[in-house]
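These notes are about the structure you will find just below.
The values are calculated or read from the model by the stated rules, or taken from the named source; none is laboratory data. All of these numbers come straight from a predicted model, not from anything done at the bench. Neighbour counts are summed over all protein chains in view; Cβ atoms, including those assigned to glycine, are modelled from backbone coordinates with ideal geometry. These accessible areas exclude ligands, DNA and RNA; they are computed on the full protein's heavy atoms, side chains included. Shrake-Rupley method; radii C 1.70, N 1.55, O 1.52, S 1.80 Å.
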Amino acid sequence: MANQSKHEKQKNLNNKRKLPIRVLTLTIMIAVAGLTGLIFLSYNMDRIARTYKNVVELDYINLEYMTSISQKFYQHQSFVFQYVSVLDDEARRSLLEDEADKIQEEIINEEKTFSDNVIGTVYESGYHSIYSGLNGYFKNVEYIFEFAGVGDFGTAEYYMNSILIYNIQEVKDSVDLLDVLITDDVNMIQQEMSNRMEISRTISIVIIIFLTVSTAIGLSWCVKISREIANIDPLTQVNNIEKFQSDMERLHKKGRLKEYICVCVNIKDFTLINQQMGSATGDMVLRNYAAMIEQFLQKDEKIARIGGDQFILLVRDERIEGFEDFIDKIPVTVEKDLRTTILQLESRCGLYDIKDGVTVGDIVDSAHLALSQTKQKSLDRVWFEESMLEQAYDRKTLLTEYKNGIKDKEFVVYYQPKVNILSNTLCGCEALVRWQKDSKIVPPYMFIPALEEEGRITELDFYVFEQMCKDIRAWLDSGITPVRVSSNFSKLHLRNTEFADNILEIVERYDIESKYIEIELTESSGYEDFDAFIKFVNRMKERGIFVSIDDFGTGFSSLSLLKQLDVDVIKIDKSFIDGVCVGDEANESLVKNIIYMIKDLNRHVICEGVETAEQADFLRKQNCHMVQGYLFDKPLPHDVFEKRLKKPKYEKG
Ligand code: C2E
Ligand code: MG
Ligand code: MG
């Protein structure tokens, strides 16, 4: 069920990941469509304006023509009226007749141009009425001139007062009508243009508002979804630590955080799972492990992945016992090579009972600190205690002092003899570091594990190695024959691809034969970086430098693993030797068999921590002829060891 819901979550997350792109594409499409609409509208508005402008301009020209024709028509009338009033003055009459004819000609010319503008338009019929009115008028004026010319003044006056007046009125009415028509048309066109413009403007505003709103909504969606995705751990799909902390802040503000226990968990031996089953299966384990925990949690409880196999949770106070039972063993389904396996995963938990007034950062740090203590204390659950803070503080001080210690050369090298118990002679030694701090000697267990955890040990290892090479060179130069000296190197070096080169560089710099050098690596490094381990051993082998596995029997490696690792020496850990000659037959038989098998693999064997003559006798019987222990010597300061080099035979043993 957990798997299924994980699949759905994965699908949802994948969809969610695509969503911002989709929303963004849609937003861009809407924006492009909107902008195209706007461009089209503005083009359309321009086109409407230009079309209407042309029509209105023509209307104005027509109106001008009409005004001009009307004015000239009035002038013509005035000449005709004057003509009729001076009928008996022939000379004057002839003058007025000429004037009237001139204007008539002008009117006819303008009327022609006017006709070109209006024929075929709505004004055509209006034009025809003016035209026919004017024609009637000019014809009757001609009659008046003709009657007056033959002296028939009475008829001329009659035409003037009855017929011509009628003609004038007809033309005037036609002109007025057309004027009204054109003026109305101009008004109508302007009204329509302003209506259309108004509509276009309204549409533009609507488009702009729509564009702004849709873009704003689209972008805010994108931001929201991106933020949601950013809050999710891509591998397990649970929240990440940032989201977890912001959830905690929210609970803190509501004053509800104290109702929870903050738990920092990791999977026991996850590195092994990863290495034995491959990282893809390791990922599956993490996913399903997180899913199982998520299933256990209630809605108001939280989980986030910190990184690696580490998770952080908020579990309600009253459910913590149930949670501890649940986390004891979590069955996690793994599918590999078409086979389904259920792994019973054990976890380590650091727990912190949240108190009032503690900051979110401190809560997370406290749970984390408690988790870091589980390994040191070899416990599965550790509750946070205030005293842990002091230890953490001590570690901080230690790291600062360590930095100064290296600078001020406070670290010195002691040598612990290795003894051949067949001949009871010195056959080698191990370089062991001591910290000479404030005229006191600090033993390695006080700082080596801490430096190793903080990843700061590598510098010290090379410091010791270089000092040891310096000492060997000095012994050689002063005619003292040294023995093979082994130096301890942390497994952290295996991550450094230049590890072997760095060693060889120092050996060459001090011009030391490889037979005097041995490199000790602890066996727990057998699994982690196993390939790097093999490569390193082979590089050393090529140069004739011995490599030994230290503390054999305390880590994960098996004898079969040794077949792949071409090391020269196996150092059996003191804890096995402690159980020799104390009545622990099972342990003795184990030591016997280990020695037997190491010899069978053609490797040298050395036992560490030999403190009694009985232990030495026991080992002699097992054909283990090399030992290291207080029975012969403790780690010795340089000068004391130098004396031992000069006098390598032991009385005891
Ligand atoms: P180790 O490499 O296994 O060194 C042997 C440790 O066992 C030494 O402790 C030595 O003093 C102790 N020992 C030897 N024989 C006996 C015995 O008969 N009885 C008892 N009780 N102890 C015995 P030491 O010097 O305290 O070193 C402890 C560990 O510190 C070493 O274990 C090694 O892992 C680490 N160490 C020391 N120097 C260095 C260094 O330069 N680099 C690194 N990485 N680790 C170092
Ligand atoms: Mg050692
Ligand atoms: Mg050891």
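Remarks
- Relative to the longest principal axis of the Cα atoms of the chain, helix 2-85 runs at roughly 20 degrees.
- Leading residue at positive end of dipole, region 233-385 (Cβ point charges), from Gly322, Ser372, Thr271: Thr271
- The long axis of helix 124-149 is offset from the longest Cα principal axis of the chain by roughly 20 degrees.
- Working note: Karplus 6.51/-1.76/1.60 with θ = phi - 60° gives region 435-441 the couplings 9, 8, 10, 6, 6, 10, 9 Hz, where Gly and Pro are set to x.
- Using the Cβ-Cβ distance between Glu390 and Ile39 with R0 set to 56 Å, the FRET efficiency works out to roughly 0.20.
- Folded to 0 to 90 degrees: helix 499-509 orientation relative to the chain principal axis, Cα: 60 degrees
- Environment charge at Val591 (Cβ cut-off 14 Å; Lys +1, Arg +1, Asp -1, Glu -1): -2
- For the pair Val86 and Thr155, a Förster radius of 25 Å applied to the C-beta separation gives a FRET efficiency near 0.90, rounded to the nearest 0.05.
- Fully extending the segment from Ala474 to Gln190, taken as 0.36 nm per residue of separation minus the present Cα-Cα distance, adds 91.1 nm.
- Label-point separation in nm, Asp179 to Asn109, each point 7 Å along Cα→Cβ: 2.4 nm
- Computed helical MRE - 222 nm, the chain, DSSP H runs ≥ 4 contributing -39500 (n - 2.57), nearest 500: -21000 deg cm²/dmol
- Projected label points at Ala49 and Asp501, each 7 Å from Cα along the beta carbon direction, are separated by 7.4 nanometres.
- Dipole-positive endmost among Thr333, Thr281, Ser246 within region 244-379 (Cβ charges, Cα centre): Ser246
- Taking max minus min of the alpha-carbon positions on each principal axis, region 233-385 gives extents of 51, 31, 24 Å, largest first.
- Rounded to whole Hz, the Karplus (6.51, -1.76, 1.60) HN-Hα couplings of region 299-311, x for glycine and proline: 4, 8, 9, 10, 9, 8, 9, 7, x, x, 9, 9, 10
- Between the residues Cys624, Ile598, Ala586, the greatest Cα displacement towards the positive end of the dipole of region 585-641, with unit charges on the Cβ of Lys, Arg, Asp and Glu, is found for Ile598.
- When only the Cβ of Lys, Arg, Asp and Glu is charged (+1, +1, -1, -1), the dipole of the chain relative to its Cα centre reaches about 5020 debye.
- In this structure, the amide hydrogen of Leu636, modeled 1.01 Å from its nitrogen in the peptide plane, lies closer than 5 angstrom to those of Tyr415, Gln416, counting only residues at least 5 positions away or on a different chain.
- Fully extending the segment from Gln298 to Asp511 would add 70.0 nm, taking 0.36 nm per residue of separation and subtracting the current Cα-Cα distance.
- When each of the peptides 328-339, 636-647 is scored by how many other beta carbons lie within 10 Å of its residues on average, the order from highest to lowest is 636-647, 328-339.
- Accessible area per residue in Å² at 1.4 Å probe, computed on the chain: 52 Å²
- Taking a straight line from the alpha carbon of Lys647, these lysines sit under 18 Å away, with near neighbours fewer than eight places off in the same chain left out: Lys418, Lys634.
- Here the label points at Glu454 and Tyr143, each 7 Å from Cα along the C-beta direction, are separated by 13.1 nm in the simple model.
- Percent of alpha-carbon pairs separated by more than 29 Å within region 406-646: 27 percent
- Positive minus negative residues near Ile165 (Lys, Arg vs Asp, Glu; Cβ under 13 Å): -2
- Using a probe radius of 1.4 angstrom, the carbon and sulfur fraction of the accessible surface of the chain is 54%.
- Lysines with Cα under 27 Å of Lys355, excluding same-chain neighbours fewer than 8 positions away: Lys243, Lys253, Lys254, Lys258, Lys299, Lys302, Lys375, Lys377, Lys396
- Table column - 3J(HN,Hα) (Hz), region 609-621, Karplus curve with 6.51, -1.76, 1.60, x for Gly and Pro: x, 7, 10, 10, 5, 5, 4, 4, 4, 4, 5, 4, 4
- Charge context of Phe618, other residues only, Cβ under 13 angstrom, K/R +1, D/E -1: -4
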